[in-house]
Every structure is written in C-alpha cells, then in structure tokens.
Amino acid sequence: MSNVNTGVEVKPYDSDTHASRRFKGGFWLVVLGAALWGVDPLFRVILLKNLTSAQIVLLEHVIISLIAIPVLWKNRMELKGLGWNHVGALLFISWGGSALATVLFTMGLSSGNLNAVLLLQKLQPLFAIILASLLLKEKLPRHFGILLVIALAGTYLLTFGLTLPIGHWNEFIQVGSLLSLGAAALWGGSTVMGRLMVGKLKYETVTSLRFVLALPLLTVITWSEGAAWNMPAWGTGDFALVSLNLIGQALLPGLLSLLVYYKGLTTTKASVATLAELSFPMVGVLINWIVFQQVVTGPQLLGFLLIWIVLFIISRQQSEASPSLQ
C-alpha cells in the first residue's frame, strides 16, 4: 500500500474527463441523496417497536454489505493505489460519520438541554466549510457567506420557528452540548472526506466501503449495548412487516441515498455540498406533516423557502461556472 499525497487538487475519478465535465447535475444529486435520508422515519418507527437503534443500524449495514462486497471485489484493483491517508479518510467516513457521530448526538440528547443540542448540531456546515478550505483548498462561491447565513436561518426556522430555543446561555455549557458539537464536526468532516475519496475512487466503491468498514465497530457497539433481540417469530405477519421495513430502510435511505449522494459529490465542492444536505431537514418536516400529521407552521414554511432560495442560487452559480472543481 503506497503513500499518496492528497495535498493536491481533488478531481473526479472518471477517466473520461470530458464526460465528467459535461455533467452539471451533481449539485442536485447531492440534494436528492440527502433528501432521501429524510424518509428514514417511515421505516424506523415500525422497527423501533422491536429493535434498538444500534440493532437497526447494524442489520441495515449487514443487508447493504451483501450488495457492497461483490462491488468491492469487482473494483478491487482500485484499492491498490490507496495510501494510509486515504484509509484514514475512509475510516473517518464509516466510523466517524456513520457510527460515532450518531452515538455522540444520541448521548447529547440524553445528557443536555434538548434545544441547545439541536441548535449546536446546525453548525455542521461551518465545520465542513472550514475543513474543505484547509484540506481541499476549495474556493467559496460568490456571496457564499450571505448564503450560508440565510441557509442557517432557514434551518433554525425549520427546527424552532420564531421561538427562542434556550432560556439561558449557560445551558450551552454542558456535556450534551459538547457531544453535539463533536457530532456536528464528524458529520461535517465526513462530507469533506467523502469529497476527497470520490476524487480517488469510483463513487460506488466509496459507498460500499462506507458500509462494509462500519460493520466491525457497529458490531461492538451493539454487543456492548447488551439489549435483547426482539424480532417477531419466524413466518408471522409481524416478522414479514419488520423484514420488509428493514430491507426498505437499508435500500432507500441507506444504499440508494448514498449512491446518489456520492455520485453528485464527484462534481460538487464539499463546501457547497454541505448546504445541499439541508434538503434532509426539509424532507423530514414534510414527512412529519404528510405522514405523521404534525402541523407545519408559518415560520417553518419561511425556513423551507429560505433554504430552497439558497439551493437555487447555488445551483445557478454551479451551472454558470466551469463544471470542473477548483
């Protein structure tokens, strides 16, 4: 395994450079991939009646790995050119972004002020932008600072409306808040590391490695949890329902979403992709409204509109500029 210097411009993997440059829909693929994460509750609500969150995530990764391992075998020649820095980036994506960030955020929710934890998690784009500038040397689009503020304001309105989420500033200085910041940093860093790796490997390979490499850590987390497995009896209607939801969870907000996401990331800057990911909370609000009958307020609609305005402006900038990443 050779050491490869990654302190250079990151380019899409595709050997047909001209074909890659003709593709201008990468930004909206990131939007679509992140939006698919928002349908997660449709499957998870039923699954949580029988399984813990750790058990659900582990089974999801097992199912996806059955598809991912043959892909890795087919693309195994790509792996020979990886350096230890690339291995670190892959572990950051699979262990940090998929497993540890979720664990930290869940711990934060249980050990701190709920609203403070949720608010600090919204700082994820800032971590992604800073890391993209430091590691990938990305240049920000025009008026990016203003667009970021508008996007964060829209996300705030989606989450809290016009209410003040905390009563006192000292509610920020808690263990839960620090855990939430850690989760936000890991999620933001995963976006940057994902952009780095789709400049080295095919997006299908990156997606497959994300799930397969997370299996050992998720196994340890689930085992240490010590919770009983309460799967319904084999052959019953409940077993069929849980199984179908597990498969749906694994294939839609799991595998398909990340395939689309990493495909889009091949031609999208990490600093821009982190704003495209705001389609995730927007879809979450829509799912809560349409499926779970939770009323959408005026401020939430305003937040929804602000985020879409930002996405539209960035999309226009992407299409007007050269498709090659700087």
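Restricting the first member to the range 121-139 and to residues that are among the small types (Gly, Ala, Ser), and the second to residues that are open to solvent by less than 70 Å² (accessible area, probe 1.4 Å) and part of a loop (DSSP other than H, G, I, E, B), the beta-carbon pairs closer than 6 Å and six or more apart or on different chains are Ala132/Glu138. Looking across the range 269-294 at every residue that is of a type in the set (Phe, Trp, Tyr) and more than 17 Å from Gly97 (Cα to Cα), the one that is surrounded by the fewest Cβ atoms within 10 Å (Cβ to Cβ) is identified as Phe292.
Residues in the range 146-168 that are over 22 Å from the mean Cα position of the chain (by Cα) and at negative phi: Ile146, Leu162, Thr163, Leu164, Pro165, Ile166, Gly167, His168.
Residue by residue, here is whether (1) part of a helix (DSSP H, G or I); (2) β-branched (Val, Ile, Thr); (3) within 18 Å of Arg142 (Cβ to Cβ); (4) out of contact with any Gly (no Cβ under 6 Å at 6 or more places or on another chain) holds:
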{"site": "Trp229", "(1), (2), (3), (4)": "no, no, no, yes"}
{"site": "Leu255", "(1), (2), (3), (4)": "yes, no, no, yes"}
{"site": "Tyr261", "(1), (2), (3), (4)": "yes, no, no, no"}
{"site": "Thr268", "(1), (2), (3), (4)": "no, yes, yes, no"}
{"site": "Leu286", "(1), (2), (3), (4)": "yes, no, no, yes"}
{"site": "Phe292", "(1), (2), (3), (4)": "no, no, no, yes"}
{"site": "Leu302", "(1), (2), (3), (4)": "yes, no, no, yes"}
{"site": "Phe312", "(1), (2), (3), (4)": "yes, no, yes, yes"}
{"site": "Ser315", "(1), (2), (3), (4)": "yes, no, yes, yes"}
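Selection of first residues in the range 24-43 that are over 18 Å from Thr266 (Cα atoms) and open to solvent by 40 Å² or more (accessible area, probe 1.4 Å) and of second residues that are at pLDDT 90 or above and of a type in the set (Phe, Trp, Tyr), restricted to Cβ pairs under 9 Å at least 6 apart or on distinct chains, gives the following pairs, ordered by first then second residue: Trp37/Tyr261; Trp37/Phe280. Output the residue which, of all residues in the range 161-184 that are assigned to a helix (DSSP H, G or I) and among the small types (Gly, Ala, Ser), is modelled with the lowest pLDDT. Out of the qualifying residues, it is Gly176. When each of Thr236, Thr266, Thr297 is tested for being at pLDDT below 95 and crowded, with 22+ Cβ neighbours inside 10 Å, the lone residue that passes is Thr266. Of the residues Val192, Val242, Val220, Val206, only one is open to solvent by 70 Å² or more (accessible area, probe 1.4 Å) and at pLDDT 90 or above; which? On inspection, the qualifying residue turns out to be Val220. Among the residues making up the range 193-226, those that are among the basic types (Lys, Arg) and either in a helix (DSSP H, G or I) or free of Cβ contacts under 8 Å to residues at least 60 places away in the same chain (or both) are Arg195, Arg210.
The values are calculated or read from the model by the stated rules, or taken from the named source; none is laboratory data. Please read these numbers as outputs of a predicted model, since none were measured by experiment. Note: ideal-geometry Cβ built from the backbone for every residue, glycine included; neighbour counts use all protein chains shown. In case anyone asks, the SASA skips ligands and DNA or RNA and just uses the protein heavy atoms, side chains included. Shrake-Rupley method; radii C 1.70, N 1.55, O 1.52, S 1.80 Å.
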